[in-house]
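Some notes on the structure that comes next.
The values are calculated or read from the model by the stated rules, or taken from the named source; none is laboratory data. Just so you know, these numbers come straight off a predicted model, no measurement behind them. Virtual Cβ from ideal backbone geometry, glycine too; neighbours counted across all protein chains shown.
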Amino acid sequence: MKNLMIATVATVALMASVTTAQADGQKTFQSACFACHGTGAAGAPMIGHKDVWAPRIAKGIATLEKHALHGFKGKKGVMPAKGGRSDLSDADVKAAVAYMVSKAK
């Protein structure tokens, strides 16, 4: 019974952290990323466009996070470091990346 309670508490805590990260990613997306990833400005892949995101996602989340954090210049556009928002924490940027990726799967 004790193990079941521990497992239940751990599951609830994990679900809460995933939900919080998703909400934080959405908040950062709306405040910092939407200008480009919501409109396609500067060649940004628009949120929810699975066919455009698929080759990027295939490179791995670490690559997407690196490009978002440090910037990237590709054939179709440019990603400024942290979307030009140096005030964002690395965790905020990673949460936004995870949020956008979740909308493209």
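From the list 62, 23, exactly one residue is of a type in the set (A, V, I, L, M, F, W, C), surrounded by fewer than 11 Cβ atoms within 10 Å (Cβ to Cβ), within 22 Å of residue 92 (Cα to Cα) and at pLDDT 55 or above. Which is it?
Of the residues listed, the single one that is of a type in the set (A, V, I, L, M, F, W, C), surrounded by fewer than 11 Cβ atoms within 10 Å (Cβ to Cβ), within 22 Å of residue 92 (Cα to Cα) and at pLDDT 55 or above is 62.
Among the residues of the range 50-83, how many are outside any helix (DSSP H, G or I) and either under 14 Å from the mean Cα position of the chain (by Cα) or among the charged types (D, E, K, R) (or both)?
Count: 6.
If the requirement is being closer than 14 Å to residue 36 by Cβ and crowded, with 16+ Cβ neighbours inside 10 Å, which of these qualifies: 93, 101?
Result of the check over 93, 101: 93.
Checking residue 71 against (1) surrounded by 15 or more Cβ atoms within 10 Å (Cβ to Cβ); (2) more than 18 Å from residue 26 (Cα to Cα), which single condition isn't satisfied?
That leaves (1) as the condition not met.
For residues in the range 37-49 being more than 14 Å from the chain's Cα centre (by Cα) and of a type in the set (A, V, I, L, M, F, W, C), which is surrounded by the most Cβ atoms within 10 Å (Cβ to Cβ)?
Checking each candidate, the answer is 42.
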